[in-house]
Amino acid sequence: MNSLRDDFQALFHALIWYSKRKVKYFAWEFEGFKDFIKDILMTGRGIHQKRFWHGSMLGLVSVGILTSGVFGGQSLISSTYPGIGGPDPRFASAFEPFPNGPVISGSLDPHTSVSEKPRSEIIEYKVEKGDTLSTIAQKFGITSDTIRWANDLKGDAIKPGQVLKILPESGVAYTVKSGDTLESVAKKFSAEQQPILDYPFNDIPDDLSLRAGQVLIVPGGVPPETKAPKPKPQPQYLARGPSSPAFTAPGGGNFIWPTRGVLSQYFSWYHPAIDVADRSAPGIAASDGGTVIVAGWPDSSGYGNRVVIDHGNGYTSLYAHMSNIYVSVGAIISRGQLIGQMGSTGRSTGTHLHLELRYKGIALNPLAILK
């Protein structure tokens, strides 16, 4: 006869065996039920797939239309854009680079006419009734002399039906001959080498070599028989003293001339800067105080050794082609502090400073700002 303990052990083992059987049974049934539900859902998804797909696309298109400003010319979310109570800032028409006041008079060189779509080639223009040499020059953003030189005109007389060659830039066009160099071409037309090199459509390699038959545009050039170089303004040197009057540009920037020398290249659409040349390689000072954000020769842009200063008010200034740099990234610079020495590093033909001034990324003519 079994004891009570033996009976309890037998009962316990029987319960365990029974529980295992039931768990396996219910697991098997659950898997079958799950497969059944899955089949139903997959079948339903196939039936309704097109409806879901087209509905989603229509929803996305609706959201895009409501937020793009297609109806009404302004985004519906512009009124709730963080910090903006007016037009949607994503639209170019709503951008105001000078929120503190109007654009300064003379921000663009008044003597430079910038074409909306720069041309790379010389074109032909058929004179129409009522045209004059000056109106044609104004139409194409070049000087009247440029048209005279390109067409061997002795005066201003033109007539309807006459075909004129129109250069893409003020100056002269020259077909390179064997033995020509950049220096000889610049000397021939009383021009500077750097503008010829910087003109983007001249396609001059980094070794400055020229190939016979190549057509060069010589910006600012003058034919040999009419040599009459335009006088170039002499910029002031940086030493003016803290009490001297300084020009207040939009945003509060006060800028002084960073170095001495002659102005060898002006501001233009393809050269958003000025070049100041001096063979003695004088020092270069910061035009205004700020923080150095670039110092050195970081890339192959052609600037060579350069320094970029963030002035903290939307303005930045760039000083390129330096022979030596006296500051490092992160340095706090004061107005007039020496930051380097003029040089001819990078894509350069002579010792000069390439100076750019930008406001919120927009290039301004330094001649309208420097004092």
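The values are calculated or read from the model by the stated rules, or taken from the named source; none is laboratory data. Since the structure is predicted, the reported quantities are computational estimates derived from the model, not experimental observations. Here the Cβ positions follow ideal geometry from the backbone for every residue, glycine too, while neighbour counts run over all protein chains shown.
Examine the range 298-307 for a residue that is free of Cβ contacts under 8 Å to residues at least 24 places away in the same chain and more than 24 Å from the chain's Cα centre (by Cα), and state whether such a residue exists. No, every residue in the range 298-307 fails to be free of Cβ contacts under 8 Å to residues at least 24 places away in the same chain and more than 24 Å from the chain's Cα centre (by Cα). Residue by residue through the range 190-222, note down the ones that are among the charged types (D, E, K, R) and surrounded by 15 or more Cβ atoms within 10 Å (Cβ to Cβ). E192, D198, listed by residue number.
For the range 324-344, the set of residues classified as among the polar types (S, T, N, Q) and surrounded by fewer than 17 Cβ atoms within 10 Å (Cβ to Cβ) consists of N324, S328, S334, Q337, listed by residue number. Against the test of being modelled with pLDDT of 95 or more, buried (at least 17 other Cβ atoms within 10 Å of the Cβ) and closer than 14 Å to E192 by Cα, the options V276, V292 yield a single qualifying residue, V276. Listed by position, the strands (runs of 3 or more DSSP E) contained in the range 114-232 that have at least 2 residues being assigned by TED's automatic domain parsing to the domain that holds R279 and without any contact (Cβ under 8 Å) to a residue 40 or more places away in the chain form an empty set. For the residues L353, L357, the requirement of being buried (at least 18 other Cβ atoms within 10 Å of the Cβ), assigned to a strand (DSSP E or B) and either outside the structural domain of A273 (by TED's automatic domain parsing) or in contact with a helix residue (DSSP H, G or I) (Cβ under 7 Å, 6 or more places away or on another chain) (or both) singles out L357.
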